[in-house]
Structures are given as C-alpha cells and as structure tokens.
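Trainee: One structure follows; several queries about it will come next.
The values are calculated or read from the model by the stated rules, or taken from the named source; none is laboratory data. Fair warning: this is a prediction, and the values are worked out from it, not measured in the lab. Note that each Cβ is placed from the backbone with ideal geometry, even for glycine, and that neighbours are counted across all protein chains shown.
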Amino acid sequence: MSRSFTFRNGVIAALLLVLILLPAYVMLTGDRFLLTLFTRIVILAMAAVSLNLILGYGGMMSFGHAAYLGIGGYTAAILCFEGIQSGFVQWPAAIAVSALFALVVGALSLRTRGVYFIMITLAFAQMAYYLASGMARYGGDDGLAMESRSQFAGLLNLSNKTTFYYVCLALLFASLFLVWRMTNSRFGLVLQGVRSNETRMRAIGFPTFRYKLAAFVIAGVMCGLSGALIANHTDFVSPAMMFWTRSGDLMVMVVLGGMGTLFGPVFGALALLFLEQFLPAMISAMVRPFNPAGAAKAGEYWQIVLGPLLLIIVLFARGGIDGLLGTLSRHLPGSSERGHG
Amino acid sequence: MADALLQVAGLSKRFGGIVASDAIDLDVVPGELHAVIGPNGAGKTTLIAQLTGQLHADSGTIRFAESDITKMPMYERSLIGLARSFQITSLFLDLTVLENVLLAVQAHAGHSFRFWSDARSDAALREPAMAALARVGLADRALQRASALSHGEHRQIELAMALAGKPRMLLLDEPMAGMGPDESARMVAMLRELKGGLTILLVEHDMEAVFALADRITVLVYGRVIASGRPEEIRANAEVRRAYLGEGDWERAHAR
Ligand SMILES: Nc1ncnc2c1ncn2[C@@H]1O[C@H](COP(=O)(O)OP(=O)(O)O)[C@@H](O)[C@H]1O
Ligand SMILES: [Mg+2]
C-alpha cells in the first residue's frame, strides 16, 4: 500500500470516519433506521472481508460462505434458547463450531479445483441449510428467535443500539487489521502465490494444502463470528441466512468492492446494501412522472436493474470499486500512486 | 558411478501407446553440466518431470545424494536441493519480480505459518532474493509486476528463483527457448558462470549453446538413450548423426 496521500486513501479515510461518527449523526437527526442499516453493513462487511481472504487473496472460489453466517448465528441462538446467555460462551462457541465446519469442508474440498471446488463448498452450505430446516426443536424452517442478546457480565449492553454498533465496528476493524497483517506476512505471500500459480508453488517446495486449509479455517471463523453478530442484530436466525443466494451476495460484495484488496469488501458491502435499500425507491421516483399509477409496482422490479448494474460495474471497472478509486487516483492531479500488488 | 549426485536407473514412463521414457540410465556427477539433447518429442521434458516429481515413473529408480527419491513428492525434492526451471515459463505473473523470488527463498526458510511480520521487508528473505536477482541482472526490475517483463526476462526470473533456494542441482528445461540471440548469449554467459559451483542438468535445443557449455551430453531419441559421453564423442557418434540427419541445428553447430 502506498503511504502517500492519494484519492483512494482519502476516500478510505473518509469512509472510516463516516463509520466511526455515524452514531453521532444518528443522535443529532434521530434517524434510527440509518443506524440499523449501517450495523447490518458493518456485520456483512466483516463477512465479506473474511471471504475476501480466501477468494481474493487465496483464489479459492468458495461458494458456500454464508453457511458460516448461519453456523455462527445458530450457535449463539441455540445456546441462548438452551439458557446459556453469556456471550463469553456463545461467541467462542460460534468460533469453535465454525472452525470445525471449515476444517471438514476444507479438508474435503481443497484438493479439488475449479468447478469441483465450487460445487463441494456449495453442497456443504446447502447441507447446513437443510440441517437447520430440519431441526424441529429450533424452529425448523421458521427459524429461531434469540430471546435476549448475548450477555457480557454487565460490561457491555448489546441491547443498546449504539453500543452494539460500536462492538460490530470494532470487530470489523479488528478483522481488517488481522487481514492486513496476514496478507503481508509470509503466510499471506504463500496464499497469493497459490492464487497466482499453485502448481509452481508446489514445485518450489510449498505443501500448499495445509496453508489453504489454514486460510479456509481463519476465514470461516471470522465469518462465523459475524454470524453471531447478525443473530444479535436481528434477534433471530433462520435457515434462509445460509441459502446459496446469500453466499452469492457475499461474493458480489467481494467482487464489486475489489478482490484481493484490503478495503474492497467494505466498499462492496456498503454499495450492495445501499443499492438493495434505495434502488426500489429510486426506480419508483424515476417512473412516477411517466406512469404515476405503476410507479410503486416498478420499484418491485429493482433486482432486474441491480443485476445488469453489477455486471456493468464488474466488467467496466476491473478491480471493482477499489480498482476504480485507484484509476481515479492516478488521473487526479496532486497524487501519485503506482500499481500495487 | 558411485559418487554421482543424481543417479537414474531403468526409468520408464508410458503415455498410452507412447513410450516417453524407455529404461533411461543417467548419472550426473557433482559440479558437472550435463546436457540432454534429442529431437522434439524425444522425452526430455518427461524425464525432467520425473526428476522433479511432477510425474511418477512407471518403473525404475531415481537417487539423489545417495537417497532414493523415486516416490518422494515434488515439494520435498525441491527442499532437498533439486531445483527446476520450467520449459514453459511458469511464474507468478500478477506478483512482482521480487515477490516471485521471495517465494522461492521462503520455500526453503522453514514453514510459512508466520502471520504477523511483513515478509517483503524481512531481511532473511529479501537479501537472498535480491542477491539472486542481481546474479541474473534483474535487480533494477524487482518492484515491477512480473507480467510487465519480456519473455527473455521471464527466463531470467526463472533462473533467479531456481538459484534463490540455494539448490545443489539445477534442472533446466530449455532455458533459451524463445530467446533472441542477445538474450541467449546472456543466458549462456550466466550458465557458464554458474557451472562448477552447481551441478546442472540442461535440456536445450540450441546446439551451439549445448556444445559450448556441456561437460557431458546424453542423447535421447524416442525415450531411449542412444549415446552418452563427452561433447567430442557425441559429435563423432554415427548413430547421433543419423538421428539428427537433416536437422538444421546440428548442421549449423558442426559447420564451424
Ligand atoms: N501428459 C502427456 N500425456 C500424453 N502424452 C504425453 C504427455 N507428455 C508428453 N507426452 C508425449 O511423450 C512424448 C515425449 O514428450 P516430451 O517429454 O514433451 O518431449 P520433449 O520434451 O523431448 O520434446 C511425446 O510423444 C509427447 O507427445
Ligand atoms: Mg520439451
């Protein structure tokens, strides 16, 4: 990463500042909805950051990453349902179960490549989905309410929305810091070597499987923790959290934001959730002058607009939003930045 | 030969009906540059692939430094000092030149479960990597992306990567392939410098280079060794002449 001030770094700094100051803005305007939306963005950004570690840096096309959201979420909600409300138990348990799941999936999938790898990771995620649907004691298809948020011995009150937001933000920042250190370490260099040319990695003496597996488990753990956060955020878990389209959403965030870049997934999560949130209203507003009666209906077709929009961004801006910012950095006066690796 | 560093005995490999290696015997003694030549499809690349462990032989044995490595996996062979450069350049194209060589150093620097400190500024990796790059004349390109360099420079990166692991033996598969005359000449000069300090098995099409560099030459035709010996013996060998009859390279190399 370049140390000099660039347009990209400026935007990243602004984004971090907005995230940190958001509760103050919410306090002034009383717009509680914005806090709810941003809490969701922050949590899913953390999940996207974890997927980016294996997909963006490691080149592993895991198509079942939402499974960890569900596993982490269900672990917290089930413990709560069974009377264990301490976050000191719930969260480590969410981490442990996610790690175990990642270890099994990784061990069985990481020796395969390409389409096979995608299919195996997808199949395991679907298995987790059906397993959750089948757990009658825990609500089956209907899901399970989390009666109270994780308790931290009075140290933190997660029912306070601002506190909860900052806990999520702190965990996102910790994940980013971890990924930043990791991707620049020896381990990270191995991961990027594997993405680039795995055959060559083995030829020069790396037993690549164990490094891929380690990355896979780390990513699973990080995502499992964000799953426990989602359960707290919505006070509810359901199998739908793990459906394959949710895994697709995480992939879109990573690709849209910029694969293999530190802040890309954060941009991606922000962009995707904003589009999901505001595209229907935007479409309605655009249609209204021409067809006032059909405007509301038109808004319901936002997904038809979203798909091609994402496609254009991904095709037009190789490297996603981060890539776009990098290009702008190079063309704006007063900043110099060389390509970074 | 008892004191050979690499001993190949009876190595055979079939691909369906094609016999790519036909009971190959080959000894390479420490410090020598041993060239393997032969027409296209003779099985040279297949031989190298079996030596590196990328392919496994159907039968026969490979011994390296007194131990049987016939069944040893690829990454372990690399760790005991057998380094290869690929015929088809196989680099980490989206990484920088330095990162390519750093990885080659790192492969021999213990396990890589080190998650915290910055690898790119780690002197234990960076210094040997820069030294290897300097040796092949690419030190000033270190921070460029590998994909931005020319084909000839890619071969130089390959060589730097092979050297970075401080190997005991270098397996080079057509290092001059696709190079212009200038680049070829530079590569020959570089190999001449490495020779003696390192044991080298060189597969090469450029006969001029082979006869200029090799201490001994083994000739492979249809997977079989038809001759092995010093350059002047190979030059005089009737069977070799026949196998190469009409091949321009051979005529050119011996017209002088
Ligand atoms: N993976 C493979 N599958 C089938 N045939 C192969 C394979 N690799 C090489 N061959 C065949 O084996 C023979 C030797 O090939 P190769 O070792 O590449 O020759 P050389 O490097 O001397 O040109 C050729 O006939 C080639 O077609
Ligand atoms: Mg060949």
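Trainee: Go through the range B:15-68 and give me each residue that's without any contact (Cβ under 8 Å) to a residue 60 or more places away in the chain, more than 9 Å from ligand 1 (Cβ to nearest atom) and surrounded by fewer than 19 Cβ atoms within 10 Å (Cβ to Cβ).
Mentor: Across the range B:15-68, the qualifying residues are B:Gly17, B:Gln54, B:His56, B:Asp58, B:Ser59, B:Gly60, B:Thr61, B:Arg63, B:Glu66, B:Ser67, B:Asp68.
Trainee: Could you pull out the residue among B:Leu149, B:Leu103 that is under 16 Å from B:Pro167 (Cα atoms) and out of contact with any strand residue (DSSP E or B) (no Cβ under 7 Å at 6 or more places or on another chain)?
Mentor: Going through B:Leu149, B:Leu103 in turn, just one is under 16 Å from B:Pro167 (Cα atoms) and out of contact with any strand residue (DSSP E or B) (no Cβ under 7 Å at 6 or more places or on another chain): B:Leu103.
Trainee: Something else: Consider the range A:173-193. How many of its residues are buried (at least 24 other Cβ atoms within 10 Å of the Cβ), touching a residue at least 12 places away in the same chain (Cβ under 8 Å) and of a type in the set (A, V, I, L, M)?
Mentor: Final tally of qualifying residues: 2.
Trainee: Go through A:Phe267, A:Phe274, A:Phe216, A:Phe263 for me and flag whichever is touching a helix residue (DSSP H, G or I) at 6+ places or on another chain (Cβ under 9 Å), under 27 Å from A:Leu103 (Cβ atoms) and of a type in the set (Phe, Trp, Tyr).
Mentor: The conditions single out A:Phe216.
Trainee: Right, next: Helices (runs of 4 or more DSSP H) wholly in the range B:11-125 with at least 2 residues that are more than 16 Å from ligand 2 (Cβ to nearest atom) and not charged (D, E, K, R) - which ones?
Mentor: B:74-79, B:97-106
Trainee: Now for a different question. Restricting attention to the range B:96-112, which residues are of a type outside the set (S, T, N, Q), in contact with a helix residue (DSSP H, G or I) (Cβ under 6 Å, 6 or more places away or on another chain) and within 8 Å of chain A (Cβ to nearest Cβ)?
Mentor: Those that are of a type outside the set (S, T, N, Q), in contact with a helix residue (DSSP H, G or I) (Cβ under 6 Å, 6 or more places away or on another chain) and within 8 Å of chain A (Cβ to nearest Cβ): B:Leu102, B:Leu103, B:Ala104.
Trainee: Turning to a different aspect of this structure: So which of B:Ser85, B:Ser78 is surrounded by 22 or more Cβ atoms within 10 Å (Cβ to Cβ), within 10 Å of chain A (Cβ to nearest Cβ), within 30 Å of B:Ser150 (Cβ to Cβ) and within 16 Å of ligand 1 (Cβ to nearest atom)?
Mentor: Step by step, each of B:Ser85, B:Ser78 is checked, and only B:Ser85 is surrounded by 22 or more Cβ atoms within 10 Å (Cβ to Cβ), within 10 Å of chain A (Cβ to nearest Cβ), within 30 Å of B:Ser150 (Cβ to Cβ) and within 16 Å of ligand 1 (Cβ to nearest atom).
Trainee: Identify all residues within the range B:83-106 that are of a type in the set (Ser, Thr, Tyr) and at pLDDT 95 or above; write none if there are none.
Mentor: The answer is B:Thr96, and nothing else.
Trainee: Of A:Val18, A:Val49, which residue is surrounded by fewer than 24 Cβ atoms within 10 Å (Cβ to Cβ), among the aliphatic types (A, V, I, L, M) and outside any loop (DSSP other than H, G, I, E, B)?
Mentor: Within the list A:Val18, A:Val49, the selection yields A:Val18.
Trainee: Take the conditions within 14 Å of chain B (Cβ to nearest Cβ) and not in a helix (DSSP H, G or I) and apply them to A:Phe187. Does it pass? Don't jump to the end; show me each part of the working.
Mentor: On the way: within 14 Å of chain B (Cβ to nearest Cβ): yes; not in a helix (DSSP H, G or I): no.
No; evaluated as a whole, the condition is false for this residue.
Trainee: Could you go through the range A:287-296 and let me know if any residue there is outside any helix (DSSP H, G or I) and of a type in the set (S, T, N, Q).
Mentor: Taking the range A:287-296 and keeping what is outside any helix (DSSP H, G or I), we get A:288-291.
Next, only the ones that are of a type in the set (S, T, N, Q) stay: A:291.
So far as the range A:287-296 goes, yes, one or more of its residues are outside any helix (DSSP H, G or I) and of a type in the set (S, T, N, Q).
Trainee: Can you report the number of residues in the range B:221-239 which are of a type outside the set (Lys, Arg), under 19 Å from B:Ile24 (Cα atoms) and touching an Asp or Glu at 6+ places or on another chain (Cβ under 9 Å)?
Mentor: Number satisfying all stated conditions: 7.
Trainee: Also, I was wondering about something else. If B:Lys166 meets every condition in (1) surrounded by fewer than 21 Cβ atoms within 10 Å (Cβ to Cβ); (2) on the phi < 0 side of the Ramachandran plot apart from one, which number is that one?
Mentor: Failed condition: (2).
Trainee: Would you mind finding the one in B:Glu174, B:Glu183, B:Glu204, B:Glu158 that is assigned by TED's automatic domain parsing to the domain that holds B:Val97 and either charged (D, E, K, R) or within 16 Å of ligand 2 (Cβ to nearest atom) (or both)?
Mentor: B:Glu158
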